[in-house]
1. Any residue at all in the stretch 127-139 that's under 27 Å from Ala102 (Cβ atoms) and surrounded by fewer than 10 Cβ atoms within 10 Å (Cβ to Cβ)?
2. Based on this model, can you work out whether Leu127 counts as at pLDDT below 85, aliphatic (A, V, I, L, M), more than 30 Å from Ser94 (Cα to Cα) and in a helix (DSSP H, G or I)?
3. Have a look at Ser108, Ser169, Ser157 and point out the one that is loosely packed, with under 12 Cβ neighbours inside 10 Å and either among the small types (Gly, Ala, Ser) or touching a helix residue (DSSP H, G or I) at 6+ places or on another chain (Cβ under 8 Å) (or both).
4. On the basis of being part of a loop (DSSP other than H, G, I, E, B) and either in contact (Cβ under 8 Å) with a residue 60 or more places away in the chain or of a type in the set (A, V, I, L, M) (or both), does Leu171 make the cut?
5. In the set Glu57, Glu66, Glu50, which member is surrounded by 10 or more Cβ atoms within 10 Å (Cβ to Cβ), modelled with pLDDT of 70 or more and within 30 Å of Phe14 (Cβ to Cβ)?
6. So which of Val111, Val149 ends up being without any contact (Cβ under 8 Å) to a residue 60 or more places away in the chain and under 35 Å from the mean Cα position of the chain (by Cα)?
7. Among the numbered criteria (1) of a type outside the set (Val, Ile, Thr); (2) in contact (Cβ under 8 Å) with a residue 40 or more places away in the chain; (3) surrounded by fewer than 11 Cβ atoms within 10 Å (Cβ to Cβ), which single criterion is violated by Ser92?
8. Evaluate the stretch 164-176: report whether one residue or more is of a type in the set (A, V, I, L, M, F, W, C) and more than 16 Å from Ser108 (Cα to Cα).
Amino acid sequence: MEDSTPPPDEVPQFECPFCGKSVGVSDPAQTVFQCPDCGQQFFAPTTAEEDSTATHEQAQAQAADEEARREAELSELRISQVANLRRGAIRSRSWFIVGAVACVVGASQFVYFAIERYRGGERHGPLRDALGAAILLMIVPYFMRKIRVLGKEIAESRLKDPATPPDFSTLSDGSQRWANLDQLAGTDKKE
């Protein structure tokens, strides 16, 4: 039968940080040791290479976490920015619609006044009213172009439908929650 312990000259030795005595280690994979002289427990000292590897891995993990956090923040900022721009475009489009309707209503009012003044026998009043109606009707196409442009902008800022439909097969119907509650209620009754 072979002995699995290494010969005494190959046994790693660690110095106890509390009493300074040398502690022989039978299992090199072990990380926590107890000093036979003072009884204190301590961790195995790490080499500089192990420290630099661990530090490098920690730095990479921190950088990845920071990148993920930054990505999430940018995503939140982008969503907020798109929502604000969309809201502003909708508000602007509403004002242009109000302007176009006001111009049409104003033009129809001018036409009505022109007809009434013409019937009343006025000479220059109907001409002024007809000119006012023409000016207001010339402004309406400008409002209509703006409404069309803002409508396209609003439609483009809307999220596109996904190329593939979502997979709901991994979701449950919630019936296991009732089973869990029944099981929990059953274990409480037994105790």
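1. Residues of the stretch 127-139 under 27 Å from Ala102 (Cβ atoms): 127-139.
Those still in the list that are surrounded by fewer than 10 Cβ atoms within 10 Å (Cβ to Cβ) too: none.
Looking through the stretch 127-139, none of the residues is under 27 Å from Ala102 (Cβ atoms) and surrounded by fewer than 10 Cβ atoms within 10 Å (Cβ to Cβ).
2. Values: at pLDDT below 85: no; aliphatic (A, V, I, L, M): yes; more than 30 Å from Ser94 (Cα to Cα): yes; in a helix (DSSP H, G or I): yes.
Judged against the criteria, Leu127 is not a match.
3. Of the residues listed, the single one that is loosely packed, with under 12 Cβ neighbours inside 10 Å and either among the small types (Gly, Ala, Ser) or touching a helix residue (DSSP H, G or I) at 6+ places or on another chain (Cβ under 8 Å) (or both) is Ser169.
4. Values: part of a loop (DSSP other than H, G, I, E, B): yes; either in contact (Cβ under 8 Å) with a residue 60 or more places away in the chain or of a type in the set (A, V, I, L, M) (or both): yes.
In short, yes.
5. Details: Glu66 fails: within 30 Å of Phe14 (Cβ to Cβ); Glu50 fails: modelled with pLDDT of 70 or more.
None of the others qualify; the one that does is Glu57.
6. Values: Val111 fails: under 35 Å from the mean Cα position of the chain (by Cα).
Just one listed residue meets the conditions, Val149.
7. Single failed check for Ser92: (3).
8. Taking the stretch 164-176 as the starting set, the residues that turn out to be of a type in the set (A, V, I, L, M, F, W, C) are 168, 171.
Restricting the remaining residues to those that are more than 16 Å from Ser108 (Cα to Cα) gives 168, 171.
Yes: one or more hits.
The values are calculated or read from the model by the stated rules, or taken from the named source; none is laboratory data. Predicted model, so just to flag it, every value in this text is computed and none were measured. Methodologically, a virtual Cβ is constructed for each residue, glycine included, from the backbone with ideal geometry; neighbour enumeration extends over all protein chains shown.
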